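Below is one structure, written out as structure tokens; comments come after it.
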Amino acid sequence: MSTGILFLLVGVPTLFGALIVYDWIESHFSIFHLFGWKPIPYENAMQFHGVFPYVSISVVPFLYWVAVLFLVDLLYYWFHRLSHEINFLWGSHVTHHSSEQFNLAVSFRGGCFQRVFEYAFFMPLAFLGINWLMFLVAHRILKLYQFWVHTAAIPELGFLEYFMVTPSNHRVHHGRNPQYIDKNHGGIFIIWDRMFGTYEPEREKINYGITNQLQSFNPLWMTFHYYAQLWRETLATPSLKNKIKLWFAKPGWKPPELGPNEIVYSDPGRPDYDPPLARPAKLYGIVQFFAVSAAGLLAYSLAHDSAFGIGRLMILIGFTVYGLTVVGGILDSRSWVFPAELLRLVLIPLIAVIVHMSGFLEVELMLGVMGYCGVSLVALALLRKSFTGESGGDPSVLAA
Ligand SMILES: [Zn+2]
Ligand SMILES: [Zn+2]
């Protein structure tokens, strides 16, 4: 959920930036523009009425929308497949796969800047002259569709398994069993996997997650750990060719000087990551998660109000990221969380006063924030023995 909030905060400027570039390409360099062709109509594809048959279809725009949806799904298949097969793309996609449990929350879990690569990959549609609105709607339909397939509660779905992405074949996609790795990349239709040889049905019990267990709940580390590993390997490799190759190679590839070049499949019975943590500390972390998330969603809503100003917004976003990182540290039972949380609870009331004085926080809300931080400080002091920091010293300290 923390990575989902980071995704939301980074996603808005990414989307706007991408659409501006897309629209500029489409209106200056599309094949329709370059060859002076008449655009294909896409408006009023379906019209709804209050009388039978309730809906009327305009054939050309309707078929155009259907074609664009298939095209977006096909491009998504290749983008997703390459995100599994090229290191620098896998670094932004691994976040979606590091969960060892499989439920609807996994659909919110994603690398917050993966969309930069994803939108760049879709730019050829602008050259083809597909209007930005069609691209956006088709891409949104694809993303919305993917929500429901992240569940272990729905069994195989009979004939739908032949052509649709379903919970069953998407479970396979999240498996770390050797036969399930890099399979079933489809977004809406599974036909692309069947056509291009990456289809695998759900047979053996699935072990979810990635081969190298990510031992962290810290959203920043979840987002950047693979790039940190690539960077370490880049520095450790003397050969310039291999330094560059690392970023474009398949995950699992290593320069020969860094050890044996093979994927190490993890133990199927490997226990899920679950660090030692006293129940009160866990409860404290979860309560703080909801408080920080509320601040994050506030930042998200304020992003639309230009009067709030970019400076204040960045502070709010910065504190959201800081808060989610500390929550991750609490749940990871790290040794650094106690001072980090103390600092957070002291700084927030000060910031609330400043924001209040500049007219963006009503006095009742300011007092509410101060009261909440006061209660949290008391709870933190009472629970200090629960923050044992038993798994301290992990690399996620670097990410914090
Ligand atoms: Zn994937
Ligand atoms: Zn997924």
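Throughout, read-outs are computed from the coordinates displayed, never taken from laboratory work. As the structure is a computational prediction, the values presented were derived from the model and not from experiment. Here the Cβ is made from the backbone with ideal geometry for all residues, glycine too, and neighbour counts use every protein chain on show.
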Next item on the list: With a cut-off of 14 Å, note down the residues of segment 346-389 whose backbone N falls inside the zone around a label point 7 Å from the Cα of residue 315 toward its beta carbon.
Entry: 347-362, 366
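Rounded to the nearest 0.05, what FRET efficiency do residue 258 and residue 179 give with R0 = 41 Å and r taken as the Cβ-Cβ distance? Could you check?
Numbers: r = 27 Å, r/R0 = 0.66.
Efficiency for this residue pair is about 0.95.
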Note to self: If I take R0 = 25 Å and measure r between the Cβ atoms of residue 294 and residue 147 in this structure, what FRET efficiency does the formula 1/(1 + (r/R0)^6) give, to the nearest 0.05?
What the structure shows: 0.65
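Peptides 329-341, 257-269: what's the order by average Cβ count within 10 Å, highest mean first? Before the final figure, lay out each step's value.
Working: 329-341: 21.2, 257-269: 10.3.
Ranked from most to least packed, the peptides come out as 329-341, 257-269.
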Next item on the list: Please compute the Cα-Cα pair-distance distribution of the chain with 10 Å bins starting at 0, giving whole percents from short to long.
Entry: 4, 18, 26, 26, 17, 8, 1, 0
Notebook entry, point to check: Going by alpha carbons, how many degrees (0 to 90, nearest 10) lie between the helix axis of 310-332 and the longest principal axis of the chain?
Noted result: 70 degrees
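Mind ranking 220-228, 145-153 by how tightly packed they are, going by the mean number of other C-beta atoms within 10 angstrom, highest first? Write down the numbers at each step before the final one.
Working: 220-228: 21.9, 145-153: 15.8.
Per-residue Cβ counts within 10 Å, averaged per peptide and sorted highest first, yield 220-228, 145-153.
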Notebook entry, point to check: Which order results if 385, 245, 183 are arranged by neighbouring Cβ count within 10 Å, fewest first?
Noted result: 385, 245, 183
Notebook entry, point to check: Do any GluC sites (Glu not before Pro) in segment 161-215 lie in a loop, going by DSSP, with at most 13 other beta-carbon atoms within 10 Å of their beta carbon, and if so which?
Noted result: 204
Notebook entry, point to check: GNM on the chain, C-alpha springs below 10 Å: top fluctuator among 27, 99, 56?
Noted result: 56
Next item on the list: Divide by every residue of the chain the summed helix terms, -39500 (n - 2.57) for each DSSP H run of at least 4, and state the resulting mean residue ellipticity at 222 nm, rounded to the nearest 500 deg cm²/dmol.
Entry: -19000 deg cm²/dmol
Note to self: Through the Karplus equation 6.51 cos²θ - 1.76 cosθ + 1.60, θ set to phi - 60°, convert the phi angles of segment 189-194 into ³J(HN,Hα) values in whole Hz; use x for Gly and Pro.
What the structure shows: 9, 8, 4, 5, 5, 5
Margin query: With θ taken as phi - 60° and the coefficients 6.51, -1.76 and 1.60, list the Karplus ³J(HN,Hα) couplings across segment 257-262 in order, rounded to whole Hz; mark glycine and proline as x.
Written below: 6, 9, x, x, 9, 7
Next item on the list: Enumerate the amide H contacts of residue 278 below 5 Å, restricted to partners 5 or more residues apart or on another chain; note that Pro and chain-start residues carry no placed amide H.
Entry: 388
Next item on the list: Filter the chymotrypsin sites (Phe, Trp or Tyr not before Pro) in segment 85-121 to those in DSSP coil with at most 15 other Cβ atoms within 10 Å of their Cβ, and list the result.
Entry: none
Check: How far, in degrees from 0 to 90, does helix 219-236 lean away from the longest principal axis of the Cα atoms of the chain, to the nearest 10?
Finding: 80 degrees
Item checked: Amide hydrogen neighbours beyond the local backbone of residue 189, cut-off 5 Å, H modeled -> 165
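Can you give the Kirkwood hydrodynamic radius for segment 2-196, in Å, rounded to one decimal and based on Cα pairs?
On the way: mean 1/r = 0.0548 Å⁻¹.
That comes to 18.3 Å for segment 2-196.
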Checklist line | Inter-label distance for residue 57 and residue 273, nm, one decimal - labels placed 7 Å from Cα along Cα-to-Cβ | finding: 4.7 nm
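Can you sort 144, 283, 9, 240 so the residue with the fewest Cβ neighbours within 10 Å comes first?
Numbers: 144 11, 283 14, 9 21, 240 8.
With the sparsest Cβ surroundings first, the list reads 240, 144, 283, 9.
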Checklist line | Table column - 3J(HN,Hα) (Hz), segment 86-101, Karplus curve with 6.51, -1.76, 1.60, x for Gly and Pro | finding: 10, 3, 5, 7, 4, x, 9, 9, 4, 4, 5, 9, 7, 5, 9, 10
